[in-house]
Amino acid sequence: MRIRTVIAATALGLGAPATAAWQEASTRHFIVYSDDKPERVRDFATKLERFDKAIRFLRNVADTPVSPNARVTVFVVPDVSSVERLIGQSGVAGYYVPRASQSVAFVPRASRSSDLSALTVLLHEYTHHFTFANWGSTALPAWLVEGLAEYHAAAEFAEDGTITLGVVAKARSYGLLGDEVLPMRRLLVAQPFRLTNVETAVFYARSWLLTHYLTTDKERRVRLGRYILAVNAGKSSKDAIAELGDPKAIDQELNAYVRKRSISAFVLPASAVPVPQVTVRALSAGEAAVMPARIRSTNGVTRKTAPAVAEQVRRLAAPYPNDAGAQNVLAEAEYDAGNHAAAQAAAERALAADPKSVHAMMYAGLARMALTAGDKAASADRWKEARRWFTRANHADTEYAWPLQMFYASFVAAGQVPTTNAQNGLVYAHQLAPFDAGLGMTAAYVLLKQDKAQAAAAVLKPIAYNPHGGNLAQAAGGLLALIDSGGSKTALAAMEKGPATAATGGTD
């Protein structure tokens with residue numbers, strides 16, 4: 001699993017009661033794991049899939065085929081406390097981690113607030129995934145990214161199948177009239193992680209309100225479109241904001257808008273979002289046994305906690321040597337803990353039980369790559385053997401970004417210049433998974449090496465604007481400035497200097 005910087009080191013207490021049965025619900029865009037009754041898990045997965053259809057209908061986004069390995073995986077844990085232990089901080093009711101290898105979300109079965117339910121949290125986070133997956137080549141400012149998430153997350157599901165989007169986000173009502181706390185001139189350029197708690201509450205509320213205001217009227221949608229075009233054309237914040245109007249005037253417009261007796265919503269009849277195909281199955285005994293450790297491993301481990309997770313999986317998986325699911329979890333945990341030979345053996349057991357397991361192919365390749373990298377006398381043939389597993393995984397699922405990402409990474413690990421095929425595959429991997437910022441930075445590096453400054457800038461802009469981008473967003477912004485001032489060579493030299501932007505093709 002990917003290395004994370006924060007996670008509780010102790011056992012998370014996520015084990016199911018002895019009488020419970022873990023279920024897997026599979027849809028076109030989601031895989032849901034929950035220790036619950038099959039009908040409840042089916043209903044939850046159905047809501048998620050119909051929500052995806054509703055957004056597509058409202059935003060006129062085509063439903064293109066999705067790799068079965070690239071679906072968002074949702075783990076439903078018992079309560080908010082379980083979520084907080086997973087992420088290692090309090091006050092988090094659910095979260096989403098975008099990865100080329102596996103985008104995941106963790107949500108509680110029970111919430112502490114009726115206004116901010118577990119489903120609402122997940123719909124907010126999935127909107128982020130939807131936004132970056134479908135508009136990944138477009139830079140969107142933080143307020144619009146969060147405003148869209150809030151707009152969609154308040155969706156209401158009626159018993160007759162009707163879905164309503166755009167209803168008032170009750171959890172954000174506190175800040176709807178907070179223009180004095182965070183006036184529009186600041187909100188339009190703000191990054192939420194740099195705001196105080198009060199300002200953050202206002203930011204989300206007013207971002208929802210501004211998004212609602214601009215997207216529910218034809219003339220205002222034109223203003224929003226011009227604004228987005230200006231942002232992506234590289235215009236200054238002042239010039240881009242001018243396409244929306246005067247910030248003071250916008251604050252006044254929003255205050256008048258929110259005081260209206262009613263605010264319009266978008267109602268989709270059941271016929272517009274039909275019930276999707278949902279497959280529900282009970283997990284095998286081996287899969288269910290390792291689930292507590294799988295949740296910890298999938299969430300992410302540190303170098304300090306990885307050995308304990310591996311030991312836990314080893315113990316839980318021991319009775320199930322022929323269960324592909326259990327052995328896949330073991331292969332991942334052993335790899336994270338640096339036990340590469342054990343990871344390879346577990347991956348081979350998983351493949352013996354399920355020869356089509358792409359996950360097992362990937363960890364067979366990752367383990368071999370790590371073992372080869374640790375042997376200074378390793379031959380070129382050994383690197384080719386490791387690489388073959390990524391090729392095999394790619395052939396099994398041609399629209400899955402991770403095998404292409406790691407095929408490229410294998411050349412970097414070997415100290416070899418990636419082939420043209422590997423470089424082009426890496427760029428295509430980014431097209432498949434534009435929500436993975438680390439992959440995006442590597443794609444930008446490849447494009448700069450190819451002296452394609454404009455293409456590299458197009459990849460970097462969405463990363464730079466990502467409200468949750470952290471250090472990578474800052475690095476992407478700096479690279480954009482270097483491309484503007486000195487072109488590909490100047491930006492490339494900066495990338496090759498610092499570890500924050502090193503093109504390693506890693507899985508974080």
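The values are calculated or read from the model by the stated rules, or taken from the named source; none is laboratory data. Being a predicted model, the structure only gives us computed values, none of them experimental. Cβ coordinates were reconstructed from backbone atoms using ideal geometry, including for glycine residues, and neighbour counts include every protein chain displayed.
Quick look at the values:
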item: Filtered residue count, the range 167-180, keeping only those that are surrounded by 19 or more Cβ atoms within 10 Å (Cβ to Cβ) and not small (Gly, Ala, Ser); result: 3
item: Failed criterion for GLN89 (all others in (1) surrounded by fewer than 17 Cβ atoms within 10 Å (Cβ to Cβ); (2) free of Cβ contacts under 8 Å to residues at least 24 places away in the same chain; (3) under 20 Å from the mean Cα position of the chain (by Cα) hold); result: (2)
item: The range 189-202 residues that are farther than 25 Å from LYS235 by Cα, paired with ones that are in a helix (DSSP H, G or I) (beta carbon under 6 Å, 6 or more apart); result: THR200/PRO192; ALA201/TYR174; ALA201/GLY175; VAL202/GLY175
item: Scope the range 315-339; condition among the acidic types (Asp, Glu) and over 13 Å from GLY286 (Cβ atoms); matching residues; result: GLU332, GLU334, ASP336
item: Breaking point among (1) more than 20 Å from the chain's Cα centre (by Cα); (2) free of Cβ contacts under 8 Å to residues at least 12 places away in the same chain, for ARG56; result: (1)
item: Evaluation of GLY234 against (1) surrounded by 13 or more Cβ atoms within 10 Å (Cβ to Cβ); (2) in contact (Cβ under 8 Å) with a residue 60 or more places away in the chain; (3) more than 25 Å from the chain's Cα centre (by Cα); (4) not in a loop (DSSP other than H, G, I, E, B) (one fails), failing number; result: (4)
item: Residue check for LYS260: touching a Lys or Arg at 6+ places or on another chain (Cβ under 9 Å), surrounded by fewer than 16 Cβ atoms within 10 Å (Cβ to Cβ) and either outside any helix (DSSP H, G or I) or at pLDDT 95 or above (or both); result: no
item: Close pairs from the range 259-270: first within 18 Å of TYR174 (Cα to Cα), partner at pLDDT 90 or above and among the charged types (D, E, K, R), Cβ under 9 Å, at least 6 apart; result: none
item: When residues of the range 92-113 are limited to those that are touching a Leu at 6+ places or on another chain (Cβ under 7 Å) and outside any strand (DSSP E or B), the one surrounded by the fewest Cβ atoms within 10 Å (Cβ to Cβ); result: ALA93
item: Where a residue in the range 478-499 is polar (S, T, N, Q) and its partner, wherever it lies, is outside any helix (DSSP H, G or I), with Cβ under 7 Å and at least six apart; result: SER488/ASP451
item: Some residue of the range 181-197 being part of a helix (DSSP H, G or I), at pLDDT below 95 and farther than 29 Å from VAL61 by Cβ; result: yes
item: Matching residues in the range 32-62 - criterion: being within 17 Å of PHE435 (Cβ to Cβ) and surrounded by fewer than 19 Cβ atoms within 10 Å (Cβ to Cβ); result: ARG56, ARG59, VAL61
item: Of all residues making up the range 307-321, the number that are part of a loop (DSSP other than H, G, I, E, B) and touching a Lys or Arg at 6+ places or on another chain (Cβ under 7 Å); result: 1
item: Unique residue being surrounded by fewer than 22 Cβ atoms within 10 Å (Cβ to Cβ) and either part of a loop (DSSP other than H, G, I, E, B) or free of Cβ contacts under 8 Å to residues at least 40 places away in the same chain (or both) when the list is THR138, THR164; result: THR138
item: Filter result for HIS468 (surrounded by 17 or more Cβ atoms within 10 Å (Cβ to Cβ) and within 27 Å of LEU366 (Cβ to Cβ)); result: yes
item: Long-range neighbours under 6 Å by Cβ, at least six apart or interchain, first residue closer than 24 Å to GLY94 by Cα within the range 290-314, second among the basic types (Lys, Arg) and in a helix (DSSP H, G or I); result: VAL309/ARG296
item: Wholly within the range 399-508, helices (runs of 4 or more DSSP H) carrying at least 3 residues that are in contact with a strand residue (DSSP E or B) (Cβ under 6 Å, 6 or more places away or on another chain), aromatic (Phe, Trp, Tyr) and in the same structural domain as ASP63 (by TED's automatic domain parsing); result: none
item: Residues (within 26 Å of the chain's Cα centre (by Cα) and either crowded, with 22+ Cβ neighbours inside 10 Å or hydroxyl-bearing (Ser, Thr, Tyr) (or both)) located in the range 307-321; result: VAL309, ALA310, VAL313
item: Residues satisfying the stated conditions in the range 65-86, i.e. touching a residue at least 40 places away in the same chain (Cβ under 8 Å), small (Gly, Ala, Ser) and either part of a strand (DSSP E or B) or farther than 30 Å from ASN394 by Cα (or both); result: SER82
item: Complete set of residues in the range 164-180 that are polar (S, T, N, Q) and at pLDDT below 90; result: SER173
item: Any hit, the range 294-306, residues being among the polar types (S, T, N, Q) and not in a helix (DSSP H, G or I); result: yes
item: Odd one out for ALA422 among (1) in contact (Cβ under 8 Å) with a residue 12 or more places away in the chain; (2) farther than 30 Å from THR131 by Cβ; (3) surrounded by fewer than 24 Cβ atoms within 10 Å (Cβ to Cβ); result: (2)
item: Scope the range 355-390; condition surrounded by fewer than 18 Cβ atoms within 10 Å (Cβ to Cβ) and within 27 Å of the chain's Cα centre (by Cα); matching residues; result: LYS356
item: Hits in the range 176-188 (condition: within 13 Å of TRP143 (Cβ to Cβ) and either free of Cβ contacts under 8 Å to residues at least 60 places away in the same chain or under 25 Å from the mean Cα position of the chain (by Cα) (or both)); result: LEU182, ARG186, LEU187, LEU188
item: Of all residues making up the range 322-345, the number that are within 15 Å of ALA289 (Cβ to Cβ) and more than 27 Å from the chain's Cα centre (by Cα); result: 2
